[in-house]
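Remarks on the structure that follows.
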Amino acid sequence: MNRIFISLLLVSQLPLCAQEVSAELRNNISELISIRAANRQRAIADSLGKAFKPEVYHEQFRKTLLGGTPVEDEDATDCPVATAMANGILKQFDPQDYDAGGILLRMETHLATPAPRNEEEEKKAYEANEKLAEEVQKGYRPVLRAREHAKEKEILRANAERSSVVQLDFGVQMEVEPGTDTIRNLNRGTTETGVAFYTRTTRRMEWNDLPEAIRLQEDKLPPARSWTFWVPTEAEEKVAEFKQRRTQSEEARRAELMQKLMGNRKPSGLTRKPVIKEVEEEEEEQEERPMKKIKVWRDDPAAPVKTLPDVVNDMI
C-alpha cells in the first residue's frame, strides 16, 4: 500500500488494514528509535572521548538509515558502529513504519537536550522510555503477526505449485532429497520459525524434537537423504482437533464394546463415573505460533556437529 493511499485512508477515517500502522504508532516508533539512537550515540561518544567524530558517525548513520536496507559489511563503512546501529533499526522495524528523516531531526533535538541532572530525573526519563517501548510493542506486534501470516500463506501457496512438494495432513508440506535413510535416524536439523519473528538453529535433532503434526504422520514419511517440512500456523490447532476426534471415537468404541459385553445387565456400583471437566468461563488468549520450516537429515556420525545458540530477532 503506497503512501498516497494511506493518506486517503487517514483523510476518509476508514479503518486501516491489519498490516498497516496507525499515525500514532508510526509517531511512537519514530520517537522510540530517535531516543535510543541518541542514547547510543552519547554512550559511544563517552567511551571514545576525543577520538569520537560526531559528524562522521551521524553521516554514516543517516546514510545507512535512509538507504532502507541493512549494510552487509559494516566494517567496510566509514563508521562501523554507526552502521551497526542503523542496521539494528532496519532489522527490527520495517522502514515504511517510521519517518527516517524525522528520526534524524529528533535525534538532534535529543542530543541537544541536557542529560538528567540527578537520579530522580534519570528515573523519570527511564520510566517514560519504558512506557513508550511498551506502547510500541503492544501496537506493533499485531501488525508484524498479520504480515507474517500473509507471508506464510504466500509461501504455502507457492509450494503447492511445486511438483517436488508433497501436501501432508494438518496443512504440513514436505519436500525430500532422494536417499535411503529413515527419518527416525536423523541427527541434524535446522529450523526457521516465522518471518517477522524467527529463530534459527543448527544442532542435533531427535525424532521427538519434531512437531507433533509431523510425528503423527510417520507412515507418510518416505526414506530419504533429507526431509524439509513447512508446518503452518494452523497445524497445532488442527492436530488438537484431530486428537479430540480420535479420543471421542475411542470413547464411543469402548462404550459400544461395554454395551455388548453387559447386554441387558445393569452396571455394578464399581462402574467408573464419567469425569466432568470444568469449563473456564474465559479462556486465556494464546498467541499464534508462526510457521516453522524444518530441515532434518542424517549425517556422518563421525562428523562434528556445530551447535549455534538460538538467535531471536525481536522488535525491541
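The values are calculated or read from the model by the stated rules, or taken from the named source; none is laboratory data. Since this is a predicted model, take the numbers as computed values, not measurements. Quick reminder, even Gly has a Cβ in these numbers, built from the backbone with ideal geometry, and neighbours come from all protein chains shown. Just so you know, the surface numbers come from the protein's heavy atoms only, side chains and all, with ligands and any DNA or RNA stripped out. Shrake-Rupley method; radii C 1.70, N 1.55, O 1.52, S 1.80 Å.
Of all residues in the stretch 153-182, which are under 11 Å from VAL231 (Cα atoms) and either among the hydroxyl-bearing types (Ser, Thr, Tyr) or assigned to a loop (DSSP other than H, G, I, E, B) (or both)? Within the stretch 153-182, LEU168, VAL172 meet the criteria.
Conditions (1) hydrophobic (A, V, I, L, M, F, W, C); (2) open to solvent by less than 70 Å² (accessible area, probe 1.4 Å); (3) not in a helix (DSSP H, G or I), marked per residue:
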site	(1), (2), (3)
GLN41	no, yes, no
ASP46	no, no, no
VAL56	yes, yes, no
LEU66	yes, no, no
PRO70	no, yes, yes
ALA84	yes, yes, no
LYS91	no, no, no
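Candidates are the residues of the stretch 82-123 that are among the β-branched types (Val, Ile, Thr) and either over 30 Å from GLU148 (Cβ atoms) or touching a strand residue (DSSP E or B) at 6+ places or on another chain (Cβ under 9 Å) (or both); the one that is modelled with the lowest pLDDT is THR113.
Tell me yes or no: at least one residue of the stretch 130-150 is of a type in the set (Asp, Glu) and under 30 Å from GLU218 (Cβ atoms). Checked the stretch 130-150: at least one residue is of a type in the set (Asp, Glu) and under 30 Å from GLU218 (Cβ atoms).
The requirement of being basic (Lys, Arg), closer than 25 Å to GLU152 by Cβ, more than 23 Å from the chain's Cα centre (by Cα) and modelled with pLDDT of 90 or more is fulfilled somewhere in the stretch 218-234, by at least one residue. Of all the numbered requirements in (1) open to solvent by 40 Å² or more (accessible area, probe 1.4 Å); (2) within 28 Å of the chain's Cα centre (by Cα), ARG106 misses one, and that requirement is (2). Just one residue in the set ALA133, ALA150, ALA146, ALA128 is assigned to a helix (DSSP H, G or I) and without any contact (Cβ under 8 Å) to a residue 60 or more places away in the chain; that residue is ALA128. Against the conditions (1) at pLDDT below 90; (2) surrounded by 12 or more Cβ atoms within 10 Å (Cβ to Cβ), ASN264 satisfies every one except (2). Pairs linking a residue in the stretch 97-113 that is assigned to a helix (DSSP H, G or I) and basic (Lys, Arg) to a residue that is open to solvent by 30 Å² or more (accessible area, probe 1.4 Å) and modelled with pLDDT of 90 or more, with Cβ atoms under 7 Å and 6 or more positions apart or on different chains, are ARG106/GLU31. When the test is whether a residue is closer than 14 Å to ASN28 by Cα, over 21 Å from the mean Cα position of the chain (by Cα) and open to solvent by 70 Å² or more (accessible area, probe 1.4 Å), LYS131 passes it. Here is a list: PRO223, PRO232. Which entry is surrounded by 16 or more Cβ atoms within 10 Å (Cβ to Cβ) and in contact with a helix residue (DSSP H, G or I) (Cβ under 9 Å, 6 or more places away or on another chain)? None of the others qualify; the one that does is PRO232. Quick check on the stretch 137-180: of everything there that is open to solvent by less than 50 Å² (accessible area, probe 1.4 Å) and among the acidic types (Asp, Glu), which residue is farthest from GLU237 (Cα to Cα)? Only one residue tops the list, namely GLU175. Which condition does MET205 not pass, out of (1) loosely packed, with under 15 Cβ neighbours inside 10 Å; (2) in contact (Cβ under 8 Å) with a residue 40 or more places away in the chain; (3) assigned to a loop (DSSP other than H, G, I, E, B), if it passes all the others? Among (1) loosely packed, with under 15 Cβ neighbours inside 10 Å; (2) in contact (Cβ under 8 Å) with a residue 40 or more places away in the chain; (3) assigned to a loop (DSSP other than H, G, I, E, B), MET205 violates only (1).
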